[in-house]
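Undergrad: First the structure, which I've put down as structure tokens, then a few questions once you've had a look.
The values are calculated or read from the model by the stated rules, or taken from the named source; none is laboratory data. Since the structure is predicted, the reported quantities are computational estimates derived from the model, not experimental observations. Cβ placement follows ideal geometry from the backbone for every residue including glycine, while neighbour counts extend to all protein chains displayed.
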Amino acid sequence: MQDIPLTIAGREFGSRLIVGTGKYRDNAEMVSAIEASGAEMVTVAVRRVDLDRSKDEGILHHLDHEKIFLLPNTAGCYTAEDAVRYARLGRAAGLNDWVKLEVIGDERTLLPDVFATVDAARTLVAEGFHVLAYTNEDVVTALRLEDAGCAAVMPLASPIGSGLGLVNPYFIREIKTRLTCPVIVDAGVGTASDACITMEQGVDGILMNTAIAQASNPVRMARAMRLAVEAGRLAWLAGRMPRREVAVPSSPTTGMLS
Amino acid sequence: MGSPGTALVTVNGQPREFGEGITVADMLAELGLRPGMVVVEHNRRILERASLASTEVRTGDIFELVHFVGGGLIECRTFR
């Protein structure tokens with residue numbers, strides 16, 4: 001059975017799994033994990049060049065730019081102004097005019113500052129960015145972000161790096177039902193079953209980083225996540241059987257021996 | 001202030017000294033950076049690549065030289 005591709009801002013992706021590139025033990029492991037994940041889009045952060053190590057060669061030149069789309073993010077920003085600044089710097093690198101917008105509002109939970117996120121989204125959309133906005137699982141905020149012109153809305157499964165899995169499937173389903181733009185669940189997935197359950201809610205994709213990078217074997221976990229995302233997507237497309245409070249026999253009840 | 005004929009600037013939060021009248025392109029070369037590798041923010045404004053060779057470095061300037069990274073351990077140089 002053929003699925004439709006994930007389409008964001010007119011660009012099609014064959015994989016519904018998007019992965020981050022942080023927290024890997026080394027570059028080789030990151031490259032292998034990305035390959036095993038089957039992801040066609042990876043997030044990257046904008047940071048200062050280390051002036052004392054200016055001869056370092058990078059890693060992304062190992063990635064096939066025809067196959068891997070780089071999504072600059074504003075990770076680590078705490079104000080709308082900072083996020084806009086980082087987004088502009090990312091665009092000036094000349095790769096594309098996309099940005100994963102992330103404005104953090106609280107250090108302990110890394111939950112988003114949704115007010116600043118909506119403000120920054122409006123500014124960036126007006127400047128021609130395709131904005132994929134990280135947010136919490138609040139339906140009203142998700143609607144505001146879509147209204148602001150975001151190309152995708154990215155509610156969390158649970159806090160960044162927590163690995164707690166999908167804590168609020170009801171609200172995630174509600175966001176997916178109410179929005180027209182793609183809904184990508186971002187953050188909180190801990191293992192393959194979390195990814196599968198998340199995709200079974202009918203969302204368009206998942207973005208994850210820590211669950212793969214910090215697994216004991218990231219390459220294996222990347223493959224597990226790929227399969228889990230595909231399995232969850234297929235299960236949702238297939239349409240699950242209804243839940244029942246009582247047992248229903250699966251073998252015929254007629255023709256029993258007397 | 002530094003000796004005559006020098007420009008005292010801040011690059012990525014560090015004080016740096018360059019010859020007076022050099023351009024931003026010259027500064028990047030002195031730092032061992034190819035222009036295509038970094039994005040230059042000059043006094044909070046992004047400097048277009050075409051302007052690097054025509055913009056002079058002056059005392060008091062604040063530069064941010066950034067690139068894409070994957071995280072703490074990773075250096076990703078993909079700027080063209």
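Undergrad: Return the residue satisfying two criteria in turn: it lies in the stretch B:40-73 and is touching a residue at least 24 places away in the same chain (Cβ under 8 Å) and β-branched (Val, Ile, Thr), and of such residues it is farthest from the other protein chains (Cβ to nearest Cβ).
TA: B:Thr59
Undergrad: Oh, and also: For the stretch A:103-129, how many residues are surrounded by fewer than 24 Cβ atoms within 10 Å (Cβ to Cβ), out of contact with any Pro (no Cβ under 7 Å at 6 or more places or on another chain) and outside any helix (DSSP H, G or I)?
TA: Going through the stretch A:103-129 one residue at a time, the tally reaches 6.
Undergrad: Please find, within the stretch B:11-43, the residue that is surrounded by the fewest Cβ atoms within 10 Å (Cβ to Cβ) out of those that are among the charged types (D, E, K, R) and closer than 16 Å to A:Val49 by Cα.
TA: Step by step, filter the stretch B:11-43, then rank; the result is B:Arg34.
Undergrad: Could you run through the stretch A:1-36 and say how many residues are at pLDDT 95 or above and of a type in the set (D, E, K, R)?
TA: The qualifying residues number 3.
Undergrad: Look through A:Asn136, A:Asn96 and report the one residue that is more than 14 Å from chain B (Cβ to nearest Cβ), among the polar types (S, T, N, Q) and within 26 Å of B:Gly70 (Cα to Cα).
TA: A:Asn136
Undergrad: Take A:Ala39 and tell me if it is modelled with pLDDT of 95 or more and crowded, with 24+ Cβ neighbours inside 10 Å.
TA: yes
Undergrad: Ok, one more. Against the conditions (1) surrounded by fewer than 22 Cβ atoms within 10 Å (Cβ to Cβ); (2) under 22 Å from A:Arg173 (Cα atoms), where does A:Leu132 fall short? Just the number, please.
TA: Going through (1) surrounded by fewer than 22 Cβ atoms within 10 Å (Cβ to Cβ); (2) under 22 Å from A:Arg173 (Cα atoms) one by one, A:Leu132 breaks only (1).
Undergrad: Take the stretch A:3-53 and flag every residue that is within 13 Å of another protein chain (Cβ to nearest Cβ) and of a type in the set (Lys, Arg).
TA: Result: A:Lys23, A:Arg25, A:Arg47, A:Arg48, A:Arg53.
Undergrad: Could you figure out which of (1) crowded, with 22+ Cβ neighbours inside 10 Å; (2) not in a strand (DSSP E or B) isn't true of A:Pro72?
TA: (2)
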